[in-house]
Ligand code: AHG
Ligand code: MN
Ligand code: MN
């Protein structure tokens, strides 16, 4: 058995230029994941955890108590170490510049969706945590600025997620393939279980909130009908699977092959998902596993962000499936 800690040390030895700080950040995420995992697992037993927090986040969405708890857990895990100069989260309007001298001297910043799919918590369905790590662009020794956070996804140095599912897994990339670790709660260790994950080139699963069908662009509607065509010789109809937690839907499609779509629609003119801490990390993982991620036209990782919480349409998964939906979008301009 190889633990996540051992794996990180091993990888670092292979890349001596890589600094120890990144390992420290991953250690903080690993620790936060264990704490969040513990509380999610007990959610039904602990009144203070289930339900709404009674406030809205910057997106105007109802915060769950666990959203707030996960946010606090992760920011505390980073704050307790010296490896991160700044931190941004779905649950806070502005980024946080950690202001101790050691933090100001750190080279990295982190963005997170502390709890993804939080509407699923109260009904015991899988949720996740997403993270995205960049090298800061402003000089070390100074407080971080918004510029450090508004970098295109292609500049990520690491990204990943934790899925709290039938088992808890941490999946991450540092730009050299994707590896997955399953949590063994008896010994408190994430053990390497999915080495060098490859996203199948083609798949049989499409994942989209079909209740919004009428609001989608014409090309996407036609692609959905294409997925549903009764054409056994071509392997259709495909299978529809949608959990409503990006992390869980992405994780399934990553392992089995498939496409996840959250297109723009009349209710979400720019899509619903957040570019910086939902689309970018998943796009980095997808590409590292051999898949593709776009906004329907452009590669997600090439987009220059202009706002911390900006949204983007999102198409991610098996390369051939993303290419196919692109064909439909190109042929059917709205
Ligand atoms: P979050 O819980 O972090 O706000 O994210 C919810 C996101 C994403 O996880 C999921 O895929 C999507 O919202 C589901 O949206 P719909 O309910 O509109 O399908
Ligand atoms: Mn989310
Ligand atoms: Mn969230």
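Points worth noting:
- Unmet criterion (only one of (1) more than 16 Å from ligand 1 (Cβ to nearest atom); (2) in a helix (DSSP H, G or I); (3) within 17 Å of residue 276 (Cα to Cα)) for residue 71: (1)
- Among the criteria (1) within 18 Å of residue 277 (Cβ to Cβ); (2) within 16 Å of ligand 2 (Cβ to nearest atom), the one residue 125 does not fulfil is (1).
- Scan of the range 109-130 for residues that are away from ligand 1 (no atom under 13 Å from the Cβ) and modelled with pLDDT of 95 or more, ordered by number: 109, 110
- Residue 130 being under 17 Å from the mean Cα position of the chain (by Cα), under 23 Å from residue 31 (Cα atoms), buried (at least 17 other Cβ atoms within 10 Å of the Cβ) and within 14 Å of ligand 2 (Cβ to nearest atom): yes
- Screening the range 113-127 for residues that are buried (at least 22 other Cβ atoms within 10 Å of the Cβ) and part of a helix (DSSP H, G or I) and picking the one that is farthest from ligand 3 (Cβ to nearest atom) gives 121.
- Within the range 77-108, the set of residues being within 16 Å of ligand 1 (Cβ to nearest atom) and part of a strand (DSSP E or B) comprises 88, 89.
- Residue in the range 52-61 that is in contact (Cβ under 8 Å) with a residue 24 or more places away in the chain, within 20 Å of the chain's Cα centre (by Cα) and near ligand 1 (Cβ under 10 Å from one of its atoms) present: yes
- Filter result for residue 139 (modelled with pLDDT of 95 or more, within 16 Å of ligand 2 (Cβ to nearest atom) and either surrounded by 15 or more Cβ atoms within 10 Å (Cβ to Cβ) or not in a strand (DSSP E or B) (or both)): no
- Residue 153 crowded, with 24+ Cβ neighbours inside 10 Å, over 25 Å from residue 2 (Cβ atoms) and away from ligand 1 (no atom under 16 Å from the Cβ): yes
The values are calculated or read from the model by the stated rules, or taken from the named source; none is laboratory data. Everything numeric in this text was worked out from a predicted model, so none of it was measured. In this analysis, Cβ positions are derived from the backbone assuming ideal geometry, glycine residues included, and neighbour counts consider all displayed protein chains.
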